[in-house]
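What follows is a set of notes on a single structure, which appears directly below.
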Amino acid sequence: MYKHIDEKYAYDGDLGAIYSKEQTEFKVWAPEADSARVHLYKSCRDEKPYRRLPMTKGRDGVWTKTAFGDLDGVYYTYVMTYDGIEQETVDIYARSVGVNGAMGMIIDTAACSPAGWDNQDYVPLEKYTDACVYELHVRDFSIDKSGNFCYKGRFLAFVENGLVNAAGDKIGIDHIKELGVTHVQLMPIFDYERIDETDLHKPQFNWGYDPRNFNAPEGSYSTDPYNGRTRVSELKRLVYALHKAGIGVIMDVVYNHTFATADSCFNKTYPKYYYRLWGENGEYFSNGSGCGNEFATERAMARKFIIDSLCYWASEYKIDGFRFDLMGLYDNVTLNEIHRRLKEINPNVILYGEGWTGGDSPLAWENRAMKLNARHTLGYGFFSDDFRDTVKGNNFENKDRGYVNGASGNEEYVREVMCGRIPHPQIPNLEKYAWTDNPYQSVNYVEAHDNLTLWDKLYYTNGTDSFEKRIKMDKLATAMVFLAQGIPFIQAGQEFLRSKPFPGGTAFDHNSYRSPDAINSLKWDRKSEFRHVFEYYKGLIALRKAHSAFRMANGSEVRENMYFIDRLPQRVVGFVLKEDNEFEEIVVFFNPNDYPVTLHAFGKYEVYVEGGRAGTEVIRTVEDDYTVKEISAIVLARRKQEPEEETYESFATD
């Protein structure tokens, strides 16, 4: 419908408020507008502008106006006119905003950088499978009474060091460092809609998947949402603190939709252009997001906006990677161009997302960045719902069981997900149904912010089992996440059995996007209560980071160096990994049975994971018969200097 507009007016230059101390140039693309003005405000509290500046339209459809003098800290809006109707709107390119995002702010972003900012760089990442991702909500991190943070619920909680819980265990950023993850994925930190920043003493919560201003940080996470500089400077301090700790920052981005539709800044700037439409004449907004609209990523200037925005976050805030919400609503061309442009800025960038939509879309199936189209977007990982549901059961059926919590007959599916769900000679089914040939495209997880936590899922499926037995299931599921080929991903608090109970404790919140802090916050005292669980997660992460065999880069490597062991006891799955940086071979077994199994090894092997223990230190050695404990994983390894004595089949039972 807008193809002719793109052909005639597509523009490749800068847009927004382009600041220097001498002048600010305002540029807004709106080729069919009748007129446009810039309104300037001294404060975001002001109701009337102190200057009104008419803009001039160029042949490329861009309206411009230059205002001379240093306008750093001045707020501004655009007034766009269509069919004689004026509407005031925030600039879609605004780099910071006032309270509740109603006005953009002209800002010298370089002046908002902390000391030492220019001397720090992105976190190195040779390949995607080297990452261990930790998903975290800014408010959840520090709002609970069990954490003695000064900046509760704020960006600056991440700069607080030396904090401990009631039992003296590390919390906050020191906890993340102790756990050993490589990257923190922050749930939306751009300016979002459904938090009233004028009344932050009122209990309010939102995950942030209701975008308003994509290029400005969220004000409720700052100490002063009325000052656009504050949110910028404090977010930079967060990034700087994580980088100094050696931890990368991944930003959860939601360009697939906006919270408002007809009243959004995009629609006021250029009605309907930025959204996909249904109907013969485009009279209906499509709703593939399930949130009322979907962004038309395939249109030239919508694509440009997304790319410009991502490049801005990557360069200005030194963001190390991006997680894309409902990535199936993006077209493949846009995502491939995003990958190319971001790699130019940061060769170590990591990109991944949800390979599905929230509903039907006008975007052609073959053009969608769906999981099943993963081969068309090789720069991206995709959340593996195959992995999630195989391990713990269907995500949307509370009582459906998976491999670790009682399902039978799914050993073949376990093999599939452990190799990154790529074609493998020992798994004939994958020749037809594999959606990728690259393990790095598989993001392996059993828990995220959506749906039940793993611990709560285990209550629904195995509530009659003992507490200790369910902990074993949790540890086994986690071992599968970190020992699989692909990108391991956990939700914050998963390492101390995070739970989201409703009052009463017998029902659990599976969609806590607006639930109170009592449900969503990280309960830091649980770290001490379940210290052995934390240590197990920590040990698995350390083991994975230390050994390249768990982090293969492509399908050929996996097929050549991963061998599944046959003739094992019922429900037991085992495999051998070769070509490790230290070991001749690594052998992994999973036993989900509620009884131990005995296996036999010829030769001497060191054990690094067994029962409830995991790490890089040797637990014991085995040479003959050994036991794999009930509901557990075991990892054995043979060092390179020792000669190979037997074939893989020596691990199987008769």
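No lab work stands behind these numbers, since they all come straight from the coordinates. All of these numbers come straight from a predicted model, not from anything done at the bench. Note that each Cβ is placed from the backbone with ideal geometry, even for glycine, and that neighbours are counted across all protein chains shown.
Observations on the structure shown:
- Cβ crowding within 10 Å ranks Lys27, Lys371, Lys399 as Lys399, Lys27, Lys371, fewest other Cβ atoms first.
- With an a/c value of 1.5 or above and a/b not larger than b/c for the gyration tensor axes a ≥ b ≥ c computed over the alpha-carbon atoms, segment 103-200 is described as oblate.
- The chain - mean residue ellipticity at 222 nm from DSSP helices (-39,500 (n - 2.57) per run, n ≥ 4, rounded to 500): -6500 deg cm²/dmol
- Scanning residues 5 or more positions from Glu584 or on other chains, those with amide H under 5 Å from its amide H are Arg638, Arg639, Lys640, with H placed 1.01 Å from N in the peptide plane.
- The ranking of Cys311, Cys265 from fewest to most other beta carbons within 10 Å of each one's beta carbon is Cys311, Cys265.
- The residue among Phe149, Ala10, Pro54 whose Cα reaches farthest toward the positive pole of the charge dipole of segment 1-151, with charges on the beta-carbon of Lys, Arg, Asp and Glu, is Pro54.
- Simple point charges give the picture: +1 on the Cβ of Lys and Arg, -1 on the Cβ of Asp and Glu, and for segment 105-167 a dipole about the Cα centre of about 360 debye.
- For segment 598-605, putting each phi into the Karplus relation 6.51 cos²θ - 1.76 cosθ + 1.60 with θ = phi - 60° gives couplings of 9, 10, 10, 10, 9, x, 9, 10 Hz, in residue order, rounded to whole numbers and with x for Gly and Pro.
- Couplings 3J(HN,Hα) for segment 246-254, derived from phi with the Karplus relation 6.51 cos²θ - 1.76 cosθ + 1.60 (θ = phi - 60°), are x, 10, x, 10, 9, 9, 7, 10, 10 Hz, where x marks Gly and Pro.
- For segment 482-612, the relative contact order is 19 percent, taking Cα pairs closer than 8 Å that sit 6 or more residues apart in sequence and dividing their mean separation by the residue count.
- Within-14-Å neighbourhood charge of Asp60 [Cβ basis; K, R +1; D, E -1]: 0
- Rounded, prolate or oblate (a/c below 1.5 giving rounded, otherwise prolate when a/b exceeds b/c) for segment 250-398 by Cα gyration tensor: oblate
- Beta bridges by DSSP in the chain, antiparallel share as percent, to the nearest 5: 75 percent
- 3J(HN,Hα) from dihedral phi, segment 495-508, Karplus parametrisation 6.51/-1.76/1.60, rounded to Hz, x for glycine, proline: 6, 10, 6, 4, 9, 10, x, 6, x, x, x, 10, 9, 10
- Dividing the mean sequence gap of close Cα pairs (under 8 Å, 6+ apart) by how many residues segment 1-57 holds gives a relative contact order of 22 percent.
- Cα gyration tensor category, rounded, prolate or oblate, for segment 14-106 with a/c compared to 1.5: oblate
- For Val609, the amide hydrogen comes within under 5 Å of the amide hydrogens of Val635, counting only partners 5 or more places away or on other chains and with H modelled in the peptide plane.
- Built amide H within the under 5 Å cut-off of Tyr76, gap 5+: Tyr41, Gly104, Met105, Ile106
- Under the criterion of Cα pairs below 8 Å and six or more residues apart, the relative contact order for the chain equals 10 percent.
- Positive end of the dipole of the chain (Cβ unit charges, origin at the Cα centre): among Pro596, Ile619, His532, the Cα lying farthest that way belongs to His532.
- Kirkwood hydrodynamic radius of the chain, Cα pairs, Å: 26.1 Å
- Least to most buried among Trp278, Trp455 (fewest other Cβ within 10 Å first): Trp278, Trp455
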